[in-house]
């Protein structure tokens, strides 16, 4: 069996870096954005990312959020930096954040939270480390959508938190209320959506999309190497 000269050449299998080595915008990116609404974005700036070391998935999660101007990396950079600057807070600033929620009536907070069932009160409570409070009320619709992950490992995302000083149980006030939640990473995969839109992509486009989705630049590999990379994703039973 003959092999081409390219196939005999060593392949660089390192993940594509964010910056000069990143894939340039192309037809596949535009189709991906059009059909799935999930364009590629730059990572948060080094300055912002250094401020949240130890939470690498946070920047990556924000980088995966759709933008109104998907083809403008500068706008993507600005949005990521703004979200982190305005809405991310460490637990050391919990009193400041609680004050902002109280004074404004509501506040969008970027962080982690989980949910537990308090069977003695027949009540679900959210634990929000950024507030230092594990008795935060949570909207039923959030439990319906993300209860499986929030009741187990918890999740990172943006929370819309309201303040209602009149809410109390047995004379104790519980003013904080998580009204809305948008996870940074998908907690439920809509397989049907991918299956329905698969015919819109050619075989080679779909392979390149899969390679790109795991952090590699498909333009740097031949077909054989791409197949080997995808084969490693198949679960062995």
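Once you put a point 7 Å from the Cα of residue 170 and another 7 Å from the Cα of residue 233, both along the Cβ direction, what distance in nm separates them?
For residue 170 paired with residue 233, the spin-label model returns 5.1 nm.
At 7 Å along the Cα-to-beta-carbon direction for both residue 145 and residue 95, put a label point, then send me their distance in nm to one decimal.
3.4 nm
If I take R0 = 35 Å and measure r between the Cβ atoms of residue 117 and residue 194 in this structure, what FRET efficiency does the formula 1/(1 + (r/R0)^6) give, to the nearest 0.05? Please list the in-between numbers first.
Details: r = 33 Å, r/R0 = 0.95.
Calculated transfer efficiency: 0.55.
What ranking of 203, 164, 208 emerges when the number of other C-beta atoms within 10 Å of each C-beta is taken as an exposure proxy, fewest first? Let's see the in-between values first.
On the way: 203 8, 164 14, 208 22.
If I rank by nearby Cβ atoms, fewest first, I get 203, 164, 208.
May I ask you to derive the FRET efficiency for residue 201 and residue 153 from their Cβ-Cβ distance with R0 = 30 Å, giving the value to the nearest 0.05?
Details: r = 32 Å, r/R0 = 1.08.
Between residue 201 and residue 153 the formula returns 0.40.
Give me the Kirkwood hydrodynamic radius of segment 89-183 in Å, from all C-alpha pairs, to one decimal place?
Details: mean 1/r = 0.0754 Å⁻¹.
Kirkwood hydrodynamic radius for segment 89-183: 13.3 Å.
We did not get these values from a lab; they are worked out from the coordinates using the rules stated. Because the structure is a prediction, the values reported are computed rather than measured. Note that each Cβ is placed from the backbone with ideal geometry, even for glycine, and that neighbours are counted across all protein chains shown.
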